[in-house]
Amino acid sequence: LAHGAGGRAMRDLIDEIFLKAFGETRVSGLEDQARLALDAFGGGTLAFTTDSFVIDPIFFPGGDIGKLAVCGTVNDLVVGGAKPVALTCSVIIEEGLAFADLHRIAESMATAAAEAGCRIVTGDTKVVPRGAADRIFVNTAGIGAIPADRSLAARHIRPGDALIVNTTLGEHGAAVMAARGDLGLTSALQSDCRPLGELVEALLEAAPDTRAIRDATRGGVATVLNEFAAASGTCCRIAEDKLPLREEVRGISEILGLDPLYIACEGLFVAAVPQAQTEAALAALRKRSGGEAACQIGEVVATPQGRAVMTSFFGGDRLVDMLEGEQLPRIC
Amino acid sequence: MRDAPGAERITVRGLVQGVGFRPFVYLIAGKAGITGSVRNTGAGVEIDAFGTGAALTDFRNRLTGDAPPLARIDAIDAAPLGAPAPRDFSIELSTGGAVHAAATPDAALCDACRAELLDPGDRRHGYVFLNCTHCGPRFSILRALPYDRANTTMARFPMCPACRAEYRDVADRRFHAQPTACPECGPMLWAEHAGDATQREIGAGAIARAAECLSRGGIVALKGIGGFHLACDATDRSAIHLLRTRKRRPDKPFALMIRDLAATQAFVRVNDAEAAALVSPAAPIVLLDMLPGGPLPEGLAPGLNRLGIMLPYSPLHAMLMEAVDVPLVMTSGNPGGDPQVTTNAEARDRLADFADLFLMHDRDIANRVDDSLVQVTSGRARPLRRGRGLAPRPLPLPEGFGASHPQVIAFGGDIKNTFGLAKGGVAVLSQHIGDLSGLATEADFLRTLELFETLYGLSPAVIAADPHPGYRSRSLARDLASARGLPLVEVGHHHAHAAACMVEHGVPLDTAPVLAVVQDGIGIGEAGALWGCEVLHCDYRGAKRLATLRTAPLPGGDQAARQPWRNLLARLSQAGTRDSWPASLCERLRGQPTEPLIAAMASGLNTPASSSAGRLFDAVAAAAGLCVARQTYEGEAAMRLQAAAEGWLTRNVADPYHFEIVDRPDMIEVDPAPIWPRIAADLAQEEAPGAMAARFHAGWARIWAEVVTRLSTDTGCDTIFLSGGVFQNRLLSAMLAERLDGAGLTVRQHAEVPANDGGLALGQIAVALARYQTENRGG
Ligand SMILES: [Fe+3]
Ligand SMILES: [Mg+2]
Ligand SMILES: [Zn+2]
Ligand SMILES: [Zn+2]
């Protein structure tokens, strides 16, 4: 991939790649903007979100930066109860990225969008000189429609609710670390990167009074629990021995000294569900791909307010704090 | 010759309240022929004394010479008094008010009470809640000030007429003994089946029941002074094993209780200073050298050469020890690393899986206080943990920190948290609180802080904390500071260690900078760097680093503090490429995930650099094969290394390991790289681990003595302060002190607060005050 004064043709070529991959919609967007009919929202609420994606390596077991960019934004929509409608895609490409890689990324975005039931309707491409970016950065924005009868929000969470997850912890982060050749770790781990729409719909059907759902990405499950507790003025209490963890993830986090509660996921949500609907919720999730390992990890209690707490293997409770930047050793 | 009558007002400062000081004054006034009065004041005790010159001299001599056992006199001032002499001597009762000296530590059973306890003719025979002015629970039962029964957990036991008469009799040993009680009126003891509270045995039979359970190899949870203990027969191998299994505590040493000083001789060596510590009113656990081939089973302190021993310090312990007549393991009843359990309900709920029987009572524990732990080095008892008997004894601040200084709350460290406050020229440190990452411990911290604020009537002007962004103590400090609009002063971890040692030794506020050697685990130094072995040129306001240990990565962050081999890997990686590593050392790393960590170190993935001395000791312990895969308790590797060295030591180590001194533009760096081939060679020679441990200790002491001697010449400082957790290592402390002594330098070590993070708050107080005062003077 080259860049420079004669870059016009090149950019057209790149646009070609995306237009082909994303299909008709963008071709039809001969105007400067994508146009969507408002009746797609059927009187509900518009959900709108954006995120930028930077990752090393850009291809990893279970996905790549393209799939990640689609799933990340789609999941931010669906955990709010929205049905994703359309995405945008903007990429910043470092001069020198192989065309084949770009192709693969674009295809993978298209596949993920199709799986998520939405389209990529507009976007932008920039090529920058070597060193000005790291191979490729992707930004996606997405809109979705939340049906009028849904109101998922962390502030609805109340003591007595069950805290459930759809899958095991930390698989994305662990897979990506293992995939970084320099660590010399061999593992069969795959990123859990996936669109969560179907699972969310299944959950909401089985447990219609679900209070809130949030996908755990950077900062891991710990961060979601803290957000839940802070927004609802409750305490999210989990039990260490209930946390679903693959042996490989446990192994990698032990070796590297990383706490799986803080490792990034890309296909995991935490939901607060009324206790009475928990069994139904879990049963529904377990029937679906990406939900086989669904389980309850804890419950919501009244105090200490605004905190996330974990009962350890040995019975003592410890605070699951928000990370302030990097985790520094503290044992003196 | 006629002796003219005189009059003076005598002010006594120190630990003179709540320790039977006023009745003592009353008694010696009578003996010396003095009339007048005595009262408590905010500053201490004030005496108006009238008598002949000779009588007044006699009185003053008795005041200092015969003071009650729990009193500590810091200063006596006398001023002439122009008032008519009264006919007799009287005690004026407390009128309340701000009394800062009145929260006194718990004190061990005194001899007089012990005699009553064992005397079949005494009305308190066998009554395990007896006490007097000179002994008994204080801080552990205190809920508020003034220290009156109504403000203690004895409030719900109204005194019977007999007890009340003693309490009111100024000549009685129980005059104003707030928790005094007898079988008629006081708390009650019972034994209870673990898991079935209906199966109870009340009174004297309870102790027999417990003794019987212990003799069958069972485990008894007993409610002591500051919390519940788990006890088992220390001579019974399977009981020890059972306790270790139930507590999931494979190797951490257990403390023992032995019936009396004489009985300790069968198990451990005790010198005079150690004996004095054992029988002191604080009655701490004292670390003592095991007798080689002694009668105790292995497994009490695996891999170590010392045992923590304490004597029975409450009447309950005394009776139990009488009944069992064997040493008992006495370990704190703390499930899951939580703080020691203090209430009966919690014990039933959380200790039922550990214990077979409960020995409990209905006197509540208001404040959890763990057993204090001390070791004697250079003839002085030095605390490793300040709890029962030592906290909250105030510590005087040096000259320059006048009584009018602003009040400070210092939040201390995170893992051995102890917080502190300063008011009116003294600092008070809380009892050992523990690891703040535990929620129950954090709750304890907040509750105790609130209690201290009330007890001492605090209105702090400044809050001090450690700068570590991941410390819970720091975020709690920040919350408090912002809630009250107070400045938060962050005190570098190692500067705080150094300052704590300076305060103890009375270094005045306005002093020329001193040299401090701080060797530690990990703490935040300048610019967020992780320090752990530095020589600082410091006063209370600031510190400049003049020397350090070469940094090494901590592979896996805190995992490196748990798994010693990681530090060996880090140091080897730093010393040379993989193919240059000695085979004998590679052997230690076999089976460990070295490859990913080498890569992680290369890419900087969770492998922060640190100059930690503690982690170097871990690396050497791993190399010597003393503790390789993991530590099962904090400090295990270093303790085993020290024990091995002491076991091998024949006074002089002829061939200490060599370290390299590297002169950097801004400071001296010590590089341990040369020791690895030496250790490898020793391994190849099949030298004992103790030989390697001893050579390492000797070399380490030698190199730092050399560095410090050079810096002393450069700076003109000839007093050297030693602080940081590594100096709990008595072998290293002694070796370094000896060398510095030999170089004509004066060495100052901790004797009042721990060298570990338990002493941090004291240093934070001094630095925060110094900075606060500088700023407010200058601006
Ligand atoms: Fe420290
Ligand atoms: Mg996102
Ligand atoms: Zn007594
Ligand atoms: Zn009585």
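FYI, it's all coordinate maths here, none of it is from the lab. The structure presented is a predicted model; accordingly, all values stated were derived computationally and were not measured. Every residue, glycine among them, receives a Cβ derived from its backbone with ideal geometry; neighbour counts consider all protein chains shown.
Count the net charge of all other residues whose Cβ sits under 10 Å from the Cβ of B:Glu660, scoring Lys and Arg as +1 and Asp and Glu as -1. Every neighbour counted, the sum reads -1. Report summary: the helix-based calculation at 222 nm, which adds -39500 (n - 2.57) for every DSSP H run with n ≥ 4 and divides by the residues of the protein assembly as shown, gives -10000 deg cm²/dmol. What the phi angles of segment B:395-401 give under the Karplus curve with 6.51, -1.76 and 1.60, with θ = phi - 60°, is a coupling list of 10, x, 8, x, 3, x, 8 Hz, glycine and proline written as x. Along the Cα-to-C-beta direction of A:Asp124, a point sits 7 Å from the Cα; which residues of segment A:132-156 have their amide N less than 15 Å from that point? The answer is A:137-142, whose backbone nitrogens lie closer than 15 Å to the label point. In the calculated pair-distance distribution of segment B:237-294, the portion above 15 angstrom amounts to 56 percent of the Cα-Cα pairs.
Positive-end ranking of A:Pro195, B:Pro383, A:Phe228 along the dipole of the protein assembly as shown, with charges on Cβ about the Cα centre, is headed by B:Pro383.
Between the beta carbons of B:Asp289 and B:Thr719, assuming R0 = 35 Å, the FRET efficiency works out to 0.70 to the nearest 0.05. Peptide B:280-286 has a mean shielding of 0, counted as Cβ atoms of other protein chains within 10 Å of each residue's Cβ.
Beyond a 23 Å Cα-Cα separation, which of these cross-linked pairs lie in this structure: A:Lys67/A:Lys126; B:Lys247/B:Lys416; B:Lys423/B:Lys544; B:Lys252/B:Lys416; A:Lys20/A:Lys126? Too far apart for the 23 Å limit: B:Lys423/B:Lys544. Here, segment B:521-676 is characterised by an Rg to Rh ratio of 0.97, where Rg is the alpha-carbon radius of gyration and Rh the Kirkwood radius. Extension gain for B:Thr11 to B:Glu453 (0.36 nm times residue separation, less C-alpha to C-alpha distance): 156.5 nm. Normalised size of chain B, defined as Cα radius of gyration per 2.2 N^0.38 Å with N residues, equals 0.99. Inter-chain Cβ neighbour count for B:594-607, averaged per residue, equals 5 (cutoff 10 Å, partner chain atoms only). Computed about the Cα centre, the dipole magnitude for chain B is approximately 580 debye when only Lys and Arg (+1) and Asp and Glu (-1) carry charge, each at its Cβ.
Starting from one equal scatterer on each C-alpha and no solvent at all, send me the Debye-based log10 I(q)/I(0) for segment B:5-91 at q = 0.11, 0.12, 0.20, 0.21 Å⁻¹, two decimals. Here log10 of I(q) over I(0) equals -0.24, -0.29, -0.83, -0.93.
Taking label positions 7 Å along the Cα-Cβ direction at both B:Asp172 and B:Glu526, the computed distance is 6.5 nm, reported to one decimal. Sorting the segments B:561-571, B:45-55, A:276-286, A:145-155 by their mean number of nearby beta carbons within 10 angstrom, highest to lowest, gives B:561-571, B:45-55, A:276-286, A:145-155.
When the inverse distances between all different Cα atoms of segment A:174-308 are averaged and flipped, the Kirkwood radius reads 15.7 angstrom. Think of the protein assembly as shown as a dipole: +1 on every Lys or Arg Cβ, -1 on every Asp or Glu Cβ, centred on the Cα centre; then among B:Pro137, A:Leu87, B:Pro674, B:Pro137 lies furthest on the positive end. Here is what passes the span test in chain B: the DSSP H helices with alpha carbon length of 30 Å or more along the helix axis and a Kyte-Doolittle mean of -1.0 or above are B:689-715. Against chain A, whose longest principal axis is taken from its Cα atoms, helix A:197-206 shows a tilt of about 30°. Spin-label pair B:Asp579-B:Ala144: with each label point 7 Å from Cα along the Cα-Cβ axis, the two points sit 7.7 nm from one another.
Overall, the protein assembly as shown carries a charge dipole of about 1660 debye about its Cα centre when +1 sits on the Cβ of Lys and Arg and -1 on the Cβ of Asp and Glu, all other atoms neutral.
Close amide H contacts of B:Leu397 (hydrogens built in the peptide plane, cut-off under 5 Å, sequence separation of 5 or more or a different chain): B:Val426, B:Ala427. Model label points for A:Phe59 and B:Lys31, set 7 angstrom from Cα along the Cα-to-Cβ axis, are 9.4 nm apart.
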